[in-house]
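First the structure, in the form of structure tokens, and then the observations on it.
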Amino acid sequence: RGFHFHLMSCQLDATLHTRLLKAYFQTVKQWSIDYQLDIDHINVGGGVGINYTDPDNAYDWAKFMSSVRALIEVEAMAAFRIRFEFGRFVTAACGYYMMEVLDIKQNHGGTFVIGRGGSNHFRTSRALGHNLPMQIVSSQAPNPDADVFLVDKTVNVVGQLCTPNDVIAREVRIEFVKVGDVLVFEYAGAYAWNISHHDFLSHPAPEICYLFENKVLEFDKS
């Protein structure tokens, strides 16, 4: 019935994305002539990116839709069913990953905040090669005589696994963190649990909550 293209991922430039679709359309039309094809479907894949490092500078969705509408008219593609795969773009902002701080350590000149979890739960940042936005939720004010804490420090956030790949955030500046606080990683709704190496060292799976209108809709301890 047609062709499926997927030549990029994590695209943040709507103009370049539209240019790629133009190449798809022109290629399909030429193939149809060259090989006498009677087709009416084009799957243009996904590729719409999430700007994890600068969420306020998001992909220009309105510009892309306007450009695609004009491109379909210019390239005479209205008779084709054009399919998109927008999974990451739709779901990334819908999820959060939360880790309790278990310990804070110094090693080889670096400071490490160790969380209850790791890349066996949340491999997204490791797979992307950069940090995700992170917030720190403190349960109470620190007790200088009892609490282990840091103030105004550059840290690495890691999990519990015995591998140097278990890094959730690198060289991130924090104002304050203590053992018992909760680290909240945003934009965790895509390529998170499903691409992580489950059962590493038999650590338990994360607890997964589904929320609807600020109420817990489903709770999964598996």
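The values are calculated or read from the model by the stated rules, or taken from the named source; none is laboratory data. Remember, it's a predicted structure, so these values are computed and weren't measured experimentally. Quick reminder, even Gly has a Cβ in these numbers, built from the backbone with ideal geometry, and neighbours come from all protein chains shown. Note: accessible area is taken over every heavy atom of the protein model, side chains too, but ligands, DNA and RNA are not part of it. Shrake-Rupley method; radii C 1.70, N 1.55, O 1.52, S 1.80 Å.
Worth a mention:
- As a ratio to 2.2 N^0.38 Å, the alpha-carbon radius of gyration for region 83-152 is 1.46.
- Here the calculated FRET efficiency for S32 and F84, from their Cβ-Cβ distance with R0 = 25 Å, stands at 0.75, rounded to the nearest 0.05.
- Binned Cα-Cα distance frequencies in region 109-212 - 10 Å width, integer %: 14, 46, 32, 8, 0
- Accessible surface computed residue by residue for the chain, with neighbouring protein chains in place and a 1.4 Å probe, gives 60 Å² per residue.
- Across region 128-222, the mean sequence separation of Cα contacts (distance under 8 Å, 6 or more residues apart), normalised by length, yields a relative contact order of 28 percent.
- Residue range of the chain that is longest and free of GluC sites (Glu not before Pro) which are both DSSP loop and sparsely packed (at most 16 other C-beta within 10 Å): 86-185
- Long-range HN-HN contacts of Y59 with modeled amide H, under 5 Å: N51
- Each peptide in 24-34, 101-111, 118-128 was scored by the mean count of other Cβ atoms within 10 Å over its residues; highest first, the order is 118-128, 24-34, 101-111.
- Here the chain is assigned +1 on the Cβ of each Lys and Arg and -1 on the Cβ of each Asp and Glu. Its dipole about the Cα centre then comes out at about 520 debye.
- Accessible surface of region 130-222 [probe 1.4 Å, protein heavy atoms]: carbon and sulfur percent: 51 percent
- Distances between placed amide hydrogens fall under 5 Å for Y187 paired with G95, all partners being 5 or more residues away or on another chain.
- Under 5 Å, built H, 5+ apart or other chain: amide partners of Q11: V48, G49
- Placing one equal scatterer on every Cα of region 23-77 and applying the Debye formula, the log10 ratio I(q)/I(0) at q = 0.15, 0.17, 0.25 Å⁻¹ is -0.59, -0.70, -1.07.
- Fully extended contour minus Cα-Cα distance, from C10 to T163, at 0.36 nm per residue: 52.4 nm
- The residue list P204, V74, S32 was ranked by how far each Cα lies along the charge dipole of the chain toward its positive end, using unit charges on Cβ atoms, and S32 comes out on top.
- Just the protein heavy atoms count here, and of the accessible area of region 45-111 at 1.4 Å, carbon and sulfur take up 51 percent.
- Of all DSSP beta bridges in the chain, antiparallel share, percent nearest 5: 75 percent
- Label assignment, P(r) over Cα pairs in 5 Å bins from 0, in percent derived from the structure, set (i) 1, 6, 12, 15, 13, 12, 11, 9, 7, 6, 4, 3, 1, 1, 0, 0; (ii) 1, 5, 10, 12, 12, 11, 11, 11, 10, 8, 6, 3, 1, 0, 0; (iii) 1, 7, 14, 19, 19, 14, 11, 8, 4, 2, 1, 0: (i)
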